[in-house]
Structure formats: C-alpha cells, structure tokens
1. Counting Lys +1, Arg +1, Asp -1, Glu -1, what net charge surrounds residue B:57 among other residues with beta carbon under 9 Å of its beta carbon?
2. Which semi-axis lengths, in whole Å and largest first, follow from the square roots of five times the eigenvalues of the Cα gyration tensor of the range A:178-258?
3. Let me test this: with uniform point scatterers at the alpha carbons of chain A, what is the Debye-based log₁₀ I(q)/I(0) at q = 0.09, 0.13, 0.14 1/Å?
4. Mind scanning B:41/B:71; B:41/B:130; B:197/B:219; A:84/A:126; B:9/B:214; B:130/B:205 and naming the pairs with a C-alpha gap bigger than 22 Å?
5. Where does the protein assembly as shown land at 222 nm, in deg cm²/dmol rounded to the nearest 500, when only DSSP H runs of n ≥ 4 count, each adding -39500 (n - 2.57), divided by all residues?
6. For B:45, B:18, what ranking results if the residue with the fewest other Cβ atoms within 10 Å of its Cβ goes first?
7. Please work out how much length the chain gains when fully extended from residue B:120 to residue B:1, using 0.36 nm per residue of separation minus the C-alpha to C-alpha distance, in nm with one decimal.
8. Could you work out, for the protein assembly as shown, what percent of all Cα-Cα pairs fall into each 20 Å distance bin, beginning at 0 Å and stopping at the bin that holds the largest distance?
Amino acid sequence: MMTDFIFFLSEAITGMRRSGLMILISIATISVSLIVLGMFLLMSANIANLGDFMASKLEIRLYLRQSASEGGESDLRARIAKMKEVKSVKLVTRDQAWKKFQTNYPNMPLADWVRSNPLPDTIYVKLIDQKDIESMAAYFRRMDSLIDDVVYGGVIAQQIKTVSNFLRYSGFVLVGLLTLATLLIVMNTIRLTVIARQHEIEIMQLVGATNQFVRWPFLIEGLIIGSLGSGVSIIILKFFYVFFVQWFQDTIPYFPLMYDVNTLRTIYLMLAGMGVFLGVIGAFIAVSRSLKTTF
Amino acid sequence: MIRIKNISKVFPNGFVALEDVTLHIGRGEFVYLVGPSGAGKSSLLNLIFRSEVPSSGEIYIDNFALNSIKKNQIPYFRRGIGMIFQDYKLLPRRTVYENIAFALRVMHYSRARIRRQVTQVLELVGLSEKLNHYPSELSGGEQQRICIARAIVNNPPILLADEPTGSLDPDTSWEIMQLLSKINARQTTVVVATHNKSIVDDIRKRVVGLENGKVVRDKELGPYEG
C-alpha cells in the first residue's frame, strides 16, 4: 500500500514537471475563480451580517416636523414613555444630531454645501419586545401630527434581506458558471499530461494494470493542482479582507463589518474543498476518456 | 490452456481478419503462427489477449471464458499472459530496471520482491549489467530481451509474441528464439506469430499456418510451408 502510494506520488510529480507551464496556468485559473467565488461569499456574509445587525436594534425612530415646538415634543415623549410596550424614549435634537454627524464623518464636507442643518428632531423609542415593532411603528404613524415619519430597523433589515437573497440566487448561477469554466481548464491541463503518457497508460494496461491503478497518479496530480490553487486564493483573500476591513473602518467608522472568525474559517474551508473537488474531478474525467479508447 | 472455437473476426469496414478458426493449444506447448502479412496472425493474438473481441465464436484461456469476461476482470486475466511486441513498447524515459519493475508495480508487489524478481529475470535474459541503462542506449536485440523480461517477470503461464524478430538481424533473431525456447522449457506456453521462414525451419516446433484468415495447416514439428 505504502509502496503504491510512493509510486503514484512520484508518477504524479514527474507528470507535472513535464507539463510545467500548463500546470501553473491551471493553478492560476483555479486561484482566480476561487478568489471571485470567495469575494462573493464574503460579500454575502457581510450583507447577511448587516441585516442581522439592523434587526437587532429594537428601535423605532420618529422624525418630527421642523415646526415642532419644544413643548409639543416633551408632551409627546411623555405619552410614549407611558405605553407598556416601550422600554425607553430618548430625544436627539437636530443640533445634537448635526454635531454628531459632523464628528462621525469629518471627511464629508456636507456643511459646505448645505446652508442650514437638514436634520429633524428625532425621538428614539426602544421597545421591550421586538415582536411589537411593526404594530407600534404603524401606531406611531397615526399617533400625532408632530410625527413626520416613522423608521424602524425592521424595514431596513427586510430590504437588506431581499438584496441578500437576490445576491444568493444570482451567486449560485455565477458560482456554477465559474465552476464549469475552471473544471474545463483543469480537465484540459490534465488531459495534456494524460496524452503525454498515453503510451505509458497503454503499456500499463497491457501488463494488467487496473483502471484504478492507472488513474491514481493523475488524481493525485489533480489533487495537488487543486490544493495549490485554492491555497493561493485563500492567502490572497485573507490579506485582501484584512486590508479591506481596515480601509473600510477608516472610511466609514462603526459600519458593522463581518469579521467573525468562524464564518471566515467556513468560507476559506469551502474554497479549499472546492479547489480539491475541481482538481480531482477534472483529473478523473481527463483520464477516464483515455481508459475508454484503449479498449 | 488455450481453446479457440469457430472464431470469426470481421472489422467494421467489412474486412474479414479471421474466419471460422478452431485451435487448441495445450499447456507447455510452443506454437508458431505463420503466414503472410494480413493472414490474421496478429488478430488471433489480440483476441487471445482480449484487446479485441471476436465477431463470433468462443475463446477459453485457462479458467477465463473471454466471451463473458467482465471488463474489470480483464487486468487480472492479462496478468496471466506475457506479451512481446515487434516494436518492444518500452518506456523511453525509464531505465531497464524501471521498465521491468513497472509490470510488477501494477500487481502491488513489495519493493523487495520487485527487486528480487527483476534481478532474476535480467539474469535469465542475460542483461544483468544493463540494469540502469535507458532503452535508447541498447541495441534492438537487447531491447527485445528487455521486452521479454517484462513479459515473463511475473511468471505468467502463457507468453504471446507478435513478430518478435521482425526488426532484428538473423543472428540476433536466433538468440531471441533460443531465449523463447528456454522460457518454454520452464513449462510456459509460448505462441509466436512470425513470417521468419528460416527460424521456423531451423527451430522445429508445432506450426499453424494461416492464410486469408483461415487455418490452412497445423503440423507438429512442421516446416514453415506444407
């Protein structure tokens, strides 16, 4: 068994050395495909994460009319605070909001081209139970003429969910096409080493080699190509993502980016699995065609 | 050992390679298949080796009924048959040792056993000192010896040779035939397809004559012709 394995491995390596450049192209193709796939997975994970983040905020925002007086506001707040579904009520005045905006986004020269503060006074309502969020939002909308608009995380979370679903389904198509293209390239690469060894395969079959035995070196070759290809893609993606997260945090602070270690590990493992799968299946198909023609 | 019953082989283009051939070859026999090119010698060997299937008729080799053999059994069947070719079919990028060891690797032999058997067979064919040479460094006769060594290294009960002396000079041809006789003396059944008249007439064995795909004569110790 061990003798066989060493033989197969050395056969695989000899085969790869003979068709060097094509092997490199194959590895690069797998890498590029898996990088695209990986970016896509990271994007989906982030959008899903954003949706969760939004939904987790048990908060309803009541934007008040510009004309609202201080007195009307505090009366409204008091009435809301008395409701049994409400946990807390907080007022953020337009001046406070404007200042906060300017500190959060110092790079945005909004003040230069907006003459006066465009933000409304806002009442933030926190609920005890997330379940009530829709009915409460609907209630607030009809509650008082002071309330101009009602926004709650649920709506945004819902919209993000729609986007993320759309991405997921279009992603399946994308992943499918990429997989197919990569598979074809890997298949043709290994086909070249198979053809280079056609003579050898024929002799192997003449001296009584089983198809299984003939196949092994090529499967190992596919496995190596797939592993190297996915390895390269994972390293590049890891660096890219770390860099991306830093850049994004600098540009838009407090944005809920996904950097959960487990999720990232799952994504990288998926890419590794995909690379190995592509390499081995490609090799299998490439060599099977040769096994058929000899009989 | 080899039983061939009413075999016909018709190729898709309509060419009849063999027609109603019936032939029995016993254990330990040495048989020449003779006849002009296209008489069906190679086709018959290919049918025995199961690299082709007959259009009709039956073939039994040892315990194998080739008409009903399963595809995944073919490799195991072939391990019982050594095959020698006019063009040797050696792997150019492998040494003599590797070329012969190849046949045993396929059978999952251990490294030590491979070394032992290859050494033995190289001694038998008289090329022990060429172990680490590449086929291109050897003469035609030496390459044919390596091919024979590969065919018999696992002691198969049957040895088939398709024009083994086809590209060799008379002296070397003679040596190769002596070697095949020596192998036959170890109870290996040997079938040689050849049109080398002088060899067949000098080293007298059973002769089966083929013409246009039919057996036209079958003589113990017969000469090449009639």
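1. So the surrounding residues net to 0.
2. Details: eigenvalues 413, 24, 16 Å².
Calculated on Cα positions only, the semi-axes equal 45, 11, 9 Å.
3. -0.65, -0.95, -1.04
4. Details: B:41/B:71 24 Å; B:41/B:130 32 Å; B:197/B:219 15 Å; A:84/A:126 12 Å; B:9/B:214 11 Å; B:130/B:205 31 Å.
Violating the 22 Å limit, Cα to Cα: B:41/B:71; B:41/B:130; B:130/B:205.
5. Values: 17 runs with 293 residues, N = 521.
Rounded to the nearest 500, the figure is -19000 deg cm²/dmol.
6. On the way: B:45 23, B:18 26.
Least to most surrounded, the residues fall as B:45, B:18.
7. Details: separation 119, 0.36 × 119 = 42.84 nm, distance 2.61 nm.
Length gained between residue B:120 and residue B:1: 40.2 nm.
8. Per 20 Å bin, starting at 0, the Cα pair percentages come out as 17, 32, 19, 14, 12, 6, 0.
Every number here is computed from the coordinates shown, using simple stated rules; none is lab data. On a predicted model such as this, the values are computed, not experimentally measured, just so you know. No Cβ is skipped: glycine too gets one built from the backbone with ideal geometry, and neighbour counts run over all protein chains shown.
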